[in-house]
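Novice: Dumping the structure here so I can ask a few things about it.
The values are calculated or read from the model by the stated rules, or taken from the named source; none is laboratory data. From a predicted model like this one, the values you see are computed outputs, not experimental measurements. Every residue, glycine among them, receives a Cβ derived from its backbone with ideal geometry; neighbour counts consider all protein chains shown. All accessible areas refer to the heavy atoms of the entire protein, side chains included, with ligands and DNA or RNA removed. Shrake-Rupley method; radii C 1.70, N 1.55, O 1.52, S 1.80 Å.
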Amino acid sequence: MTVKHKWWQEAIGYQIYPKSFQDSNHDGIGDIQGIIQHLDQLKDLGITVIWISPINLSPMVDHGYDISDYLQIDPSFGTNGDFEELIAAANDRGIKVLLDLVINHTSSEHEWFKKAMEDLNSEYADYYVIKEGKGDLPPNNWRSIFGGSAWEKIAGTNKYYLHLFTVEQPDVNWENPKLRQELYKVIEFWLDKGVAGFRIDAISHIKKIYDQEDSPADGPDGLATNWELYRDAEGIGEFLGEMRDMTFKGKDILTIAEMDVEDPQKWEEYFGDDGYFTSIFDFYHTPFTVQDKKYRDDPVAFIEMLKKLVFKKQQLANGRVFFTNFIENHDLPRALNRFIPQKEINFHSASALALFYFFLRGIPVIYQGQEIGMVDYPKASIEEYVDLATHNNYQDYLLRNYTEVEALQQINIENRENSRTPMQWDNTAYAGFSDVTPWFAVNPNYPQLNYQVEEENPASLLNFYKKMTTLRKRAALQPIWIDGDSLPILEDYAGCIAYQRVLVNQKLTVVINFTNKKMTLPLEKSEVLLTNYDQVAWRKKQVELQPYQGLILKD
Ligand code: GLC
Ligand code: CA
């Protein structure tokens, strides 16, 4: 029996952080024409769908995640015409385009918010979450996700508006049906322009269980992060279900929500054929780093922790739902710095990491620069960072009695700007990203580490990624990659991550040695579909893997 697959089940995704991808008009900021210039390379890499971080009109307090007009492209990125050109040019190359849908909040520069602030009795005031203060204090002690109180006082009143992110990102009031209708119109507008779907930002926060009581403080700032009240809060399903029914339903699109669905019993409700979304980007693996004190001297313990996490989820997903699998995005440091000990970052470890996540059950997504092995660029001073969230986190460390040196050290390890340095295209000035000083400094390692060098080197990480996408797209293997179960094997071998994709009587095996020593495993010789070394050392009913050697085997 052959099952007919949906296009997105075969998709290979790529996330573009447009500010840092390619500048085409000499202002140091990446833009849409810059993306168009690289579509041939994306096609060559095997990409079939791109997700672009927000490009709508924005004052850029949160780099586009603060939208002041949903229907306009920000002039720093180009025009609506440029975007239409991008969709057409991408489609010509078999690449679909997803927009980032930021509908938990707007920018404080959005017309709706400006009108609300001008007249708190206007209908627009009900587009936002506005509450009376308690005496001289905010309505309650909720902490913003980016630090500080989540409430901002409205001048000349004792009222406050809620912002779960920066002060300039007021949360919209999903309880208001009129506001919801406005957001659905935005979705329709971009679907009409030909986008193939959306990555849906911060959507787990749209429902708030407003509580005037303070929660017990959980930090020296006296504030509280009370997730239960504003992350996947009770009742959110009514909003998500209505949005699906009014917009996505019945359309051949891909919607990937940025959200954790912690209770596996709820997966089908949230994503999949009858879910609110097609799939989700969840964070089960993102809080961890091998640079953590706990793992620094024991990277094998890190791999063991990771493999348990991943396979617990994979096994529960078998036959049910598709996660979106990723190891990097614009909110995280680079994957190589998080998963691989510093002195072991090289072609073998980078390709091993890629092999590991790319063939799991789900949709694989690559983040720009991951395919060439870009790494973090730690800063010598906090002033070199530009993101508000980074600065807030730094202040928070100082509050927690870290010295300035310690705070900066910690920020260098964990801050999300690590992944936002400009894309390294070649060895010319500014890595070929721009010909003027970029908005954020290029990693000085670009003369050695760049796209062009890797394109020319058949043994590069980039060319390894191309081999992986080719294998992922091989027609005969589609049924097993898509419908096959994902099952861990050789679980007792510390530092080894191994799994099988199994469909009826077909079987593919992925085996990786995530240590810096040779590792012997009990595996019978079989056809090698892909490996990151020139050779595979088969012994009698055994295989001896080199440090960070990975294999894909076919029975
Ligand atoms: C999401 C985005 C992040 C942004 C936040 C607020 O988590 O990925 O970059 O700052 O939402 O919109
Ligand atoms: Ca530009």
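Novice: Are any of the pairs Lys115/Lys178; Lys159/Lys208; Lys307/Lys343; Lys266/Lys467 more than 24 Å apart by Cα-Cα distance, and if so, which?
Specialist: Pairs exceeding the cut-off: Lys266/Lys467.
Novice: Using only alpha carbon pairs under 8 Å that are at least six residues apart, calculate the relative contact order of the range 34-187 and give it in whole percent. Let's see the in-between values first.
Specialist: Numbers: 251 pairs, mean separation 29.7, N = 154.
Reported relative contact order: 19 percent.
Novice: A follow-up question, please. For a quick check: with amide H placed at 1.01 Å from N, whose amide H comes under 5 Å from Leu530's, ignoring anything fewer than 5 positions away on the same chain?
Specialist: Close amide H contacts, sequence-distant or interchain: Ile552.
Novice: Which percent of Cα pairs goes in each bin when the distances of the range 1-126 are cut into 5 angstrom slices starting at zero?
Specialist: 2, 11, 18, 19, 15, 12, 9, 6, 5, 3, 1, 0, 0
Novice: What do you get for Rg/Rh of the range 292-422 when both radii come from the Cα atoms and Rh is the Kirkwood radius?
Specialist: With Rg and the Kirkwood Rh in hand, the quotient comes to 1.00.
Novice: Next up: Just subtract the alpha-carbon distance of Leu71 and Lys312 from 0.36 nm times their residue separation and send over the number in nm, one decimal. Don't skip to the answer; put the middle values down first.
Specialist: Details: separation 241, 0.36 × 241 = 86.76 nm, distance 4.12 nm.
Extending this stretch completely gives an extra 82.6 nm.
Novice: Less than 15 Å Cβ to Cβ from Thr437, Lys/Arg counted +1 and Asp/Glu -1: what total charge do the surrounding residues give?
Specialist: Around Thr437, the surrounding residues sum to -3.
Novice: Taking the Cβ of Tyr377 as the centre, find all other residues whose Cβ is under 11 Å away and add up their charges (Lys, Arg: +1; Asp, Glu: -1).
Specialist: Charge balance near Tyr377 sits at 0.
Novice: Using the beta-carbon distance between Ser526 and Gln478 and R0 = 30 Å, what value does 1/(1 + (r/R0)^6) give for FRET efficiency, to the nearest 0.05?
Specialist: 0.90
Novice: Using alpha carbons only, how many angstrom separate the centre of the range 237-267 from the centre of the range 24-83?
Specialist: So the two Cα centres are separated by 25 Å.
Novice: Could you give the length gained by full extension between Glu238 and Glu123, i.e. 0.36 nm per residue of separation minus their alpha carbon distance, to one decimal place?
Specialist: Using 0.36 nm per residue and subtracting the Cα-Cα distance, I get 39.1 nm.
Novice: Excluding residues on the same chain fewer than 8 positions from Lys525, give the aspartates and glutamates whose Cα lies under 12 Å from its Cα.
Specialist: List returned: Glu544, Asp555.
Novice: Moving to a separate point now. Can you tell me, using C-alpha contacts under 8 Å and at least 6 residues apart, the relative contact order of the chain as a whole percent?
Specialist: Value for the chain: 13 percent.
Novice: Putting +1 on Lys and Arg Cβ atoms and -1 on Asp and Glu Cβ atoms, find which of Ser381, Leu101, Phe302 reaches farthest to the positive end of the dipole of the chain.
Specialist: Of the listed residues, the answer is Phe302.
Novice: Take each of the peptides 28-35, 460-467, average the number of other beta-carbon atoms within 10 Å over its residues, and list them starting from the highest.
Specialist: The packing order, highest mean first, is 28-35, 460-467.
Novice: With a 1.4 Å probe and all protein chains kept in place, how much accessible area does Asp274 have, in Å² rounded to the nearest 10?
Specialist: My reading of the accessible area for Asp274 is about 130 Å².
Novice: To the nearest µm²/s, what D does Stokes-Einstein give for the chain at 20 °C and 1.002 mPa s, using the Kirkwood radius over alpha carbon pairs as Rh? Walk me through the intermediate numbers first.
Specialist: Values: Rh = 24.7 Å.
Rounded, D is 87 µm²/s.
Novice: Assigning unit charges at the beta carbon (Lys, Arg +1; Asp, Glu -1) and nothing else, what dipole magnitude in debye, to the nearest 20, does the chain show about its Cα centre?
Specialist: 2540 debye
Novice: Next question. Hey, if you drop one equal point scatterer on each alpha-carbon of the range 485-554 and run the Debye formula without solvent, what base-10 log of I(q)/I(0) do you get at q = 0.16, 0.18, 0.19, 0.25 Å⁻¹?
Specialist: For the requested q values the scattering log ratios are -0.49, -0.63, -0.70, -1.21.
Novice: Here is a further query. Compare Tyr128, Tyr533 by solvent-accessible area with a 1.4 Å probe and give them largest first, with all protein chains kept in place. Don't skip to the answer; put the middle values down first.
Specialist: Numbers: Tyr128 5, Tyr533 55 Å².
Heavy-atom accessible area, descending, gives Tyr533, Tyr128.
Novice: If each residue of separation counts as 0.36 nm, what is the full-extension length gain between Lys249 and Asn158 once their alpha-carbon separation is subtracted?
Specialist: Extending this stretch completely gives an extra 28.5 nm.
Novice: Leaving out ligands, DNA and RNA but keeping every protein chain, what accessible area does Tyr295 have, in Å² rounded to the nearest 10, with a 1.4 Å probe?
Specialist: Counting only protein heavy atoms, the figure is 20 Å².
Novice: Shifting gears a bit: Between their Cα atoms, which of Lys6/Lys249; Lys4/Lys312; Lys185/Lys249; Lys251/Lys313 are more than 20 Å away from each other?
Specialist: From Lys6/Lys249; Lys4/Lys312; Lys185/Lys249; Lys251/Lys313, over 20 Å: Lys4/Lys312; Lys251/Lys313.
Novice: If Val453, Val543 are ordered by their accessible area, calculated over protein heavy atoms with a 1.4 Å probe, which sequence runs from highest to lowest?
Specialist: Order by accessible area, largest first: Val453, Val543.
Novice: Right, here's the next one. Apply 1/(1 + (r/R0)^6) to the Cβ-Cβ distance of Lys554 and Asp92, taking R0 = 45 Å, and write down the FRET efficiency to the nearest 0.05.
Specialist: 0.85
Novice: For Leu508, Leu71, give me the order by solvent-accessible area with a 1.4 Å probe, most accessible first, ignoring ligands, DNA and RNA.
Specialist: So the residues, ranked largest to smallest area, are Leu71, Leu508.
Novice: Once the Cβ-Cβ distance between Glu491 and Glu268 is put in as r, and R0 is 30 Å, what FRET efficiency do you end up with, to the nearest 0.05?
Specialist: 0.65
Novice: Output the relative contact order of the range 485-554, whole-number percent, from Cα pairs under 8 angstrom with separation of 6+ residues.
Specialist: On the way: 148 pairs, mean separation 21.4, N = 70.
Relative contact order comes out at 31 percent.
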